[in-house]
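Data block below; observations after.
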Amino acid sequence: MKPRITPLAATYSGRNLHGKVVNEMGRRVVSGGYCAGALLPNEEQLCRELQVSRTALREAVKVLAAKGLLEPRPRIGTRVRPRDQWNLLDPDILAWRCATGADAEFLRHLTELREIIEPAAASLAATSRSKEQLAAIASALKDMRDAPAIAQWIEADLAFHTAILRATNNPLLMPLAAIIGSALESLLGVSARSAGDFKRALPDHQKVFDAIESGDAQSALHRMAGMLSDTRTVMKQAVF
């Protein structure tokens, strides 16, 4: 499959160009436009397609190699690495997966990741959160309650789960807020749309908040686990 050509220089220039080249090439790899194990087109062709210099192209290849997507080989070319060698928790790679269409397997893996992390995070947040962090969770919950349409619901739902991860105040868990957040929108979108009434899960979110507010770590864990179990059921009916 030939990747869609998106000339970059016509729209982006200067300091923005490097990031746009990385983004375009990353999307091509993650979407399967460049298949695993295949060699990329030669530099001349890529520079012509992307309308960038060799320097900009080579810098982008270095970034994508660091993420595990590409493997430059002298005198051979740049090869796409197998998917199992990608840094799948890299926020950019997660975002590209979502932007190019999250498949059932990806959504299942993301659901499993959430079930491992988020109940324990809710439990920790119940005993570690600050007043400001509790207010952030409450604000997201209010936005969910007031959401006029599914797009606003998804945005608020994402903010709710991200705020809980941040409220753990664990320096090793807090970066997961950004990592999970970059992909969670796809999962929330599918589950909300599949549920019919997109606010159906609001009472469950309220129960999670109430447990965190009261400092009941065990209840927060079980409430979050129960909510994610219901999400898995909805997801299974929709795409698994």
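Of everything in the stretch 59-73 that's within 21 Å of R83 (Cα to Cα) and in contact (Cβ under 8 Å) with a residue 40 or more places away in the chain, which residue is surrounded by the fewest Cβ atoms within 10 Å (Cβ to Cβ)?
V63
Could you check how many residues of the stretch 142-155 are crowded, with 21+ Cβ neighbours inside 10 Å and not β-branched (V, I, T)?
Of the residues in the stretch 142-155, 2 are crowded, with 21+ Cβ neighbours inside 10 Å and not β-branched (V, I, T).
Just the residues that are in a loop (DSSP other than H, G, I, E, B) and closer than 24 Å to R200 by Cβ, please, taken from the stretch 133-176.
Answer for the stretch 133-176, where residues must be in a loop (DSSP other than H, G, I, E, B) and closer than 24 Å to R200 by Cβ: A147, P148, A149.
With the requirement that a residue be among the β-branched types (V, I, T) and buried (at least 17 other Cβ atoms within 10 Å of the Cβ), what does the stretch 32-58 give you?
The answer is V52, and nothing else.
Residue under question is V29, and the condition is that it be buried (at least 20 other Cβ atoms within 10 Å of the Cβ), modelled with pLDDT of 90 or more and more than 14 Å from L69 (Cβ to Cβ); does it hold?
No: the conditions fail for V29.
The values are calculated or read from the model by the stated rules, or taken from the named source; none is laboratory data. Keep in mind the model is a prediction, meaning the values are calculated, not measured. Here the Cβ is made from the backbone with ideal geometry for all residues, glycine too, and neighbour counts use every protein chain on show.
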